Amino acid sequence: MAGLVNDMVQDDPSKRPTVDEVVARFEGIRKGLSRSKLRSRVVSKDESKFDAVFRGIAHLTRRIGFVIRRIPPVPVP
């Protein structure tokens, strides 16, 4: 993902990918990720232990609910 973002913020506009290229590359990145990875929680570097436990439990509860209801990790149009 970092490579795609770096390409998108090039100072020289001619070096930036087109929107179609960005969409295609992003789709390739997304397809390479497992369902578990797509459902994983993003954790802040400065999160306290208390916050980590509280947010981890809340995330796990929501995640189980999504899996039981068969809601995909990424919405499909």
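The values are calculated or read from the model by the stated rules, or taken from the named source; none is laboratory data. Just so it is clear, the structure is predicted and the values come from calculations on it, not from any experiment. Positions of Cβ are generated from backbone atoms using ideal geometry, with glycine treated the same way; all protein chains shown enter the neighbour counts. To get the accessible areas, we keep the full protein, side chains included, count just its heavy atoms, and leave off ligands, DNA and RNA. Shrake-Rupley method; radii C 1.70, N 1.55, O 1.52, S 1.80 Å.
Brief remarks on what is shown
- Qualifying positions in segment 1-20 - surrounded by 10 or more Cβ atoms within 10 Å (Cβ to Cβ) and closer than 30 Å to residue 54 by Cα: 1
- Helices (runs of 4 or more DSSP H) wholly inside the chain containing at least 3 residues that are aliphatic (A, V, I, L, M): 2-8, 19-31, 49-68
- Single match in 34, 48, 44 (criterion: among the hydroxyl-bearing types (Ser, Thr, Tyr), closer than 22 Å to residue 76 by Cβ and open to solvent by less than 90 Å² (accessible area, probe 1.4 Å)): 34
- Summed over segment 15-39, the residues that are at pLDDT below 95 and hydroxyl-bearing (Ser, Thr, Tyr) give a count of 2.
- Matching entry among 74, 23, 67, 53 (being touching a residue at least 40 places away in the same chain (Cβ under 8 Å), surrounded by 10 or more Cβ atoms within 10 Å (Cβ to Cβ) and among the hydrophobic types (A, V, I, L, M, F, W, C)): 74
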